[in-house]
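**Q** This structure is in structure tokens; I'll ask about it shortly.
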Amino acid sequence: MAKKKVSAKVISQKILADGIYDLRLETEITEDAVPGQFVGVYTDDKSSLLPRPISICGVDKEKNELRLVYRVVGKGTDLFSKLSEGDQVDVLGPLGNGYPMEEAAGKTAILMGGGIGVPPLLELAKRLTRLPEDKRPKDIKIVMGYRNDQTFLADEFRKYAELYIATDDGSLGTHGTVIDALNEQNIEGDVIYTCGPMPMLRGIKKYAAEHNMKAYLSLEERMACGVGACLGCVVATKEKDAHSHVNNARICTDGPVFDADVVDI
């Protein structure tokens, strides 16, 4: 898939929860985008030359509509939150790799997200349910972790599978982590697809190993170039990277999705 830098038109933007925005863009990037990939979004601030990486939440190829759900965490994303219908914004993508959906064929797949790692799993849930029958999972279970009862995207996940929720403050669902929810609800499966903060991913990697499950982790990391040139986002691996000849991989190009067995987190 060839990445490209394009000027995208803002279709709409709305607030989903405190600091969480839902941005819809009209762009040809939808032609090649797959679940798990991300895009680099540029600001119009000339002092900020590098794009901000944002995971792809949804893809509508018929409408050329790319959906980005993001959290405002700094100057760049604050500028994005000011975008409105009709505005233009430069976007680079699609970037990185996607989730290996073929690994779920005939199995029970568990989708697990935490915080702003929730959005990229929505497109994955949709695509898994629309695969040909012989390539589709036998069952899908969705486990999402939130800070509180502002469970953005929850109703949309319920369209595709049963949803289990964990909250940090105990205001909804299981009080605790997504792994606490797995244990409390006796959720079992064969393969895990996940995205979220590093402590959560470490816990899921350990859980998968203990339960003889495959796990595919989408690593959240601050990035600079987004195209693998700067080595600003690396993760330790068991194998040597062909680019740097050391035991690491570039999250932006070799990832962001990795087999849990090959990364040392």
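**Q** Could you list, in sequence order, all residues of the range 37-58 that are under 13 Å from the mean Cα position of the chain (by Cα), part of a strand (DSSP E or B) and buried (at least 23 other Cβ atoms within 10 Å of the Cβ)? Working first, answer last.
**A** Start the filter on the range 37-58 by keeping residues that are under 13 Å from the mean Cα position of the chain (by Cα), which leaves 37-39, 53-58.
Restricting the remaining residues to those that are part of a strand (DSSP E or B) gives 38-39, 53-55, 58.
Result: Phe38, Val39, Pro53, Ile54, Ser55.
**Q** Quick one: how many residues across the range 93-128 are surrounded by fewer than 24 Cβ atoms within 10 Å (Cβ to Cβ), part of a loop (DSSP other than H, G, I, E, B) and of a type outside the set (D, E, K, R)?
**A** 5
**Q** Criterion first (open to solvent by less than 20 Å² (accessible area, probe 1.4 Å), modelled with pLDDT of 95 or more and among the aliphatic types (A, V, I, L, M)) does Leu217 satisfy it?
**A** Working: open to solvent by less than 20 Å² (accessible area, probe 1.4 Å): yes; modelled with pLDDT of 95 or more: yes; among the aliphatic types (A, V, I, L, M): yes.
Yes; evaluated as a whole, the condition is true for this residue.
**Q** Within the range 13-27, take every residue that is in contact with a strand residue (DSSP E or B) (Cβ under 6 Å, 6 or more places away or on another chain) and among the charged types (D, E, K, R) and give me the one that is least open to solvent (accessible area, probe 1.4 Å).
**A** Asp22
**Q** Considering (1) surrounded by fewer than 18 Cβ atoms within 10 Å (Cβ to Cβ); (2) more than 27 Å from Ala249 (Cα to Cα); (3) of a type outside the set (Asp, Glu), say which one Ile142 fails and leave the rest.
**A** (1)
**Q** Taking Val69 as the residue in question, decide whether it is surrounded by 19 or more Cβ atoms within 10 Å (Cβ to Cβ), within 30 Å of Leu163 (Cβ to Cβ) and of a type in the set (A, V, I, L, M, F, W, C). Let's see the steps before the verdict.
**A** Working: surrounded by 19 or more Cβ atoms within 10 Å (Cβ to Cβ): yes; within 30 Å of Leu163 (Cβ to Cβ): yes; of a type in the set (A, V, I, L, M, F, W, C): yes.
Yes, satisfied.
**Q** Quick one: count up the residues across the range 81-92 that are aliphatic (A, V, I, L, M) and part of a loop (DSSP other than H, G, I, E, B). If you could, list the steps in order and put the result at the bottom.
**A** Step one: filter the range 81-92 for residues aliphatic (A, V, I, L, M), giving 83, 89, 91-92.
Within this subset, residues satisfying the condition of being part of a loop (DSSP other than H, G, I, E, B) are 83.
Count: 1.
**Q** Please tell me if Gly170 is open to solvent by less than 60 Å² (accessible area, probe 1.4 Å) and without any contact (Cβ under 8 Å) to a residue 12 or more places away in the chain. Even if it seems obvious, please write down each step before you answer.
**A** Details: open to solvent by less than 60 Å² (accessible area, probe 1.4 Å): yes; without any contact (Cβ under 8 Å) to a residue 12 or more places away in the chain: yes.
Yes; evaluated as a whole, the condition is true for this residue.
**Q** Pairs needed: first member in the range 178-199, farther than 13 Å from Met112 by Cα and touching a residue at least 12 places away in the same chain (Cβ under 8 Å); second member anywhere, buried (at least 19 other Cβ atoms within 10 Å of the Cβ) and of a type in the set (Ser, Thr, Tyr); C-beta distance under 9 Å; at least 6 residues apart or different chains.
**A** Gln185/Tyr164; Gln185/Thr174
**Q** For Cys225, are the conditions met, namely being over 30 Å from Thr129 (Cβ atoms), modelled with pLDDT under 95 and surrounded by 15 or more Cβ atoms within 10 Å (Cβ to Cβ)?
**A** So Cys225 fits the description; yes.
**Q** For the range 1-15, state whether one or more residues are part of a strand (DSSP E or B) and within 15 Å of Pro120 (Cβ to Cβ).
**A** From the range 1-15, those part of a strand (DSSP E or B) are 4-15; that's our starting set.
Subsequent filtering for residues that are within 15 Å of Pro120 (Cβ to Cβ) retains none.
So far as the range 1-15 goes, no, none of its residues is part of a strand (DSSP E or B) and within 15 Å of Pro120 (Cβ to Cβ).
**Q** Also: Please verify whether Glu239 is out of contact with any Ser or Thr (no Cβ under 6 Å at 6 or more places or on another chain), farther than 19 Å from Thr108 by Cα and either modelled with pLDDT under 95 or open to solvent by 60 Å² or more (accessible area, probe 1.4 Å) (or both), treating the condition exactly as stated.
**A** Numbers: out of contact with any Ser or Thr (no Cβ under 6 Å at 6 or more places or on another chain): yes; farther than 19 Å from Thr108 by Cα: yes; either modelled with pLDDT under 95 or open to solvent by 60 Å² or more (accessible area, probe 1.4 Å) (or both): yes.
Spelling it out, Glu239 is indeed out of contact with any Ser or Thr (no Cβ under 6 Å at 6 or more places or on another chain), farther than 19 Å from Thr108 by Cα and either modelled with pLDDT under 95 or open to solvent by 60 Å² or more (accessible area, probe 1.4 Å) (or both).
**Q** I'd like to verify a number: residues in the range 145-156 that are buried (at least 20 other Cβ atoms within 10 Å of the Cβ) and polar (S, T, N, Q), how many?
**A** Count: 1.
**Q** Every residue in the range 173-199 that is open to solvent by less than 30 Å² (accessible area, probe 1.4 Å) and under 16 Å from Val257 (Cβ atoms), please. Lay out the reasoning, then the answer.
**A** The initial filter retains those residues of the range 173-199 that are open to solvent by less than 30 Å² (accessible area, probe 1.4 Å), namely 174, 176, 178, 181-182, 187, 189, 191-196.
Passing the criteria: Val191, Ile192, Tyr193, Thr194, Cys195, Gly196.
**Q** Here is a further query. Look at Ile15 and say whether it is within 21 Å of the chain's Cα centre (by Cα) and either closer than 13 Å to Leu95 by Cα or touching a residue at least 60 places away in the same chain (Cβ under 8 Å) (or both). Give the steps one after another, and end with the answer.
**A** Working: within 21 Å of the chain's Cα centre (by Cα): yes; either closer than 13 Å to Leu95 by Cα or touching a residue at least 60 places away in the same chain (Cβ under 8 Å) (or both): no.
No: the conditions fail for Ile15.
**Q** Right, something else. Taking Pro132, is it closer than 27 Å to Asn97 by Cα, modelled with pLDDT of 95 or more and crowded, with 20+ Cβ neighbours inside 10 Å? Reasoning before the result, please.
**A** Values: closer than 27 Å to Asn97 by Cα: yes; modelled with pLDDT of 95 or more: yes; crowded, with 20+ Cβ neighbours inside 10 Å: no.
Here the answer is no, as Pro132 does not meet what is asked.
The values are calculated or read from the model by the stated rules, or taken from the named source; none is laboratory data. The model shown is predicted, which means the values in this text are computed figures rather than measured ones. Positions of Cβ are backbone-derived with ideal geometry, glycine not excepted, and every protein chain shown enters the neighbour counts. SASA here: full protein model, heavy atoms, side chains in, ligands and nucleic acids out. Shrake-Rupley method; radii C 1.70, N 1.55, O 1.52, S 1.80 Å.
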